[in-house]
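*Asks:* Dropping a structure here in structure tokens format, bear with me for questions.
The values are calculated or read from the model by the stated rules, or taken from the named source; none is laboratory data. As the structure is a computational prediction, the values presented were derived from the model and not from experiment. All Cβ positions, glycine included, derive from the backbone under ideal geometry; neighbour counts span all protein chains shown. In case anyone asks, the SASA skips ligands and DNA or RNA and just uses the protein heavy atoms, side chains included. Shrake-Rupley method; radii C 1.70, N 1.55, O 1.52, S 1.80 Å.
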Amino acid sequence: MSLLETAARQTTLGTLPRRALLGRDWRLGYALTLPVILVIVGLIAYPLVYSVWLSLQDIKLGGQGAFVGLGNYYKVLLDTSSRIQGDFWNSARVTLLYTGGALVGKFVIGMASALILNASIKGRNFWRALLFLPWSIPAIVSAYSWKWIYNDVNGVLNILLTNLGLIDRPILFLADPDLALWSVLLAVIWQGTPFWTMTFLAGLQAIPGEIYEAAQIDGASTFKSFWHVTLPNLTSLIVVTAMLSAIFTTNSIQYVYILTNGGPGNATETFPLLAVTQGLRAYDLGIAATIPLIFFPVFALMIYFLTRHMLRGEV
């Protein structure tokens, strides 16, 4: 198409009425998409922009804010004279251990349970329903249940260990800095593993049985079949599940808040809990908004790659 023809076409399109360009039902189209736009703006865009604005101010709860630019980011990341700097890097370390430990535990137990439930075992449907039970329990109810289990006075775990003769005095699962994080992790893994199991089980059932039969004919052992057949076919599913679980686990504070409230001595304080503490206890809205925004690029990248992965139809 020549330049003159292109220009003539653009001119013609520019003079056409909106109805001819967008179709007969263009008003209906706008009306149907408007609620979605309002939800996105109201629940995502506005809170994000307002959080960025708060992070650029020195503002206390109920007070007037003073614009400080990137001062809050410097204070949190680099200012060694500020207590929040040490608390932030401690929370980043705890969050990394917390999320990484949860992912490893959920993957190992989820994969093992999915392989077992995919096999021809007696009462398979019963065991599947029983395994998914922890995921159906609200996180708050589950967290309080684990708090009772860990109780050093009348907790089930201490009573059981004492009756078995394994300990002679109660273990302070939630008050010992060396045990608190791992105790919280055990509860988190227990609650989140069914999601991994369900996802892996669906992936296992989608793998054709002929591939395993061919592997057996070639003399492959059970482990080699798992390594060369099962894992390669579940790679995309594992990546998506891990990213989703990482986002959910990192941003949730129910278990940490209820079981230890970040203690003892900040040993279990993740960065979302630190942000809540700064906002609701220190009343420093600027710092409270800054802390999660520092991690925002990490989650944005994860969501970007997760979306690309899923839109390519690999899962």
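*Asks:* If you go through segment 113-129 one residue at a time, how many are open to solvent by less than 70 Å² (accessible area, probe 1.4 Å) and either modelled with pLDDT of 95 or more or not in a helix (DSSP H, G or I) (or both)?
*Replies:* Of the residues in segment 113-129, 3 are open to solvent by less than 70 Å² (accessible area, probe 1.4 Å) and either modelled with pLDDT of 95 or more or not in a helix (DSSP H, G or I) (or both).
*Asks:* Against the conditions (1) assigned to a helix (DSSP H, G or I); (2) more than 21 Å from LEU103 (Cα to Cα); (3) open to solvent by less than 70 Å² (accessible area, probe 1.4 Å); (4) of a type in the set (A, V, I, L, M, F, W, C), where does PHE223 fall short? Just the number, please.
*Replies:* Status for PHE223: all satisfied but (3).
*Asks:* Is it the case that some residue within segment 156-166 is in contact (Cβ under 8 Å) with a residue 12 or more places away in the chain and within 21 Å of the chain's Cα centre (by Cα)?
*Replies:* No: zero hits.
*Asks:* Just wondering, is there one or more residues in segment 159-172 that are modelled with pLDDT under 95, open to solvent by less than 50 Å² (accessible area, probe 1.4 Å) and not in a loop (DSSP other than H, G, I, E, B)?
*Replies:* For segment 159-172, residues modelled with pLDDT under 95, open to solvent by less than 50 Å² (accessible area, probe 1.4 Å) and not in a loop (DSSP other than H, G, I, E, B): present.
*Asks:* Moving to a separate point now. Name the one entry in SER81, SER91, SER51 that is within 30 Å of ALA187 (Cα to Cα) and either open to solvent by 50 Å² or more (accessible area, probe 1.4 Å) or touching a residue at least 40 places away in the same chain (Cβ under 8 Å) (or both).
*Replies:* SER91
*Asks:* Moving on to the next point. Looking at segment 188-215, which of its residues are surrounded by 12 or more Cβ atoms within 10 Å (Cβ to Cβ), over 18 Å from ILE116 (Cα atoms) and either in contact with a Pro (Cβ under 7 Å, 6 or more places away or on another chain) or free of Cβ contacts under 8 Å to residues at least 40 places away in the same chain (or both)?
*Replies:* GLN191, ILE211, ALA214, ALA215, listed by residue number.
*Asks:* Right, something else. Let me confirm something: among ARG83, ARG93, which residue is among the charged types (D, E, K, R), closer than 26 Å to ASN251 by Cβ and over 24 Å from the mean Cα position of the chain (by Cα)?
*Replies:* Exactly one residue qualifies, and that residue is ARG83.
*Asks:* Looking at segment 65-76 only, could you name the residues that are surrounded by fewer than 17 Cβ atoms within 10 Å (Cβ to Cβ) and in contact (Cβ under 8 Å) with a residue 24 or more places away in the chain?
*Replies:* Correct list: GLY65, VAL68.
*Asks:* Would you pick out the residues in segment 130-141 that are out of contact with any Pro (no Cβ under 7 Å at 6 or more places or on another chain) and either open to solvent by 70 Å² or more (accessible area, probe 1.4 Å) or of a type in the set (Gly, Ala, Ser) (or both)?
*Replies:* Answer for segment 130-141, where residues must be out of contact with any Pro (no Cβ under 7 Å at 6 or more places or on another chain) and either open to solvent by 70 Å² or more (accessible area, probe 1.4 Å) or of a type in the set (Gly, Ala, Ser) (or both): LEU130, LEU133, SER136, PRO138, ALA139, ILE140, VAL141.
*Asks:* Could you check segment 207-249 and list, in sequence order, the residues that are of a type in the set (Gly, Ala, Ser) and modelled with pLDDT of 90 or more?
*Replies:* Within segment 207-249, ALA242, SER245, ALA246 meet the criteria.
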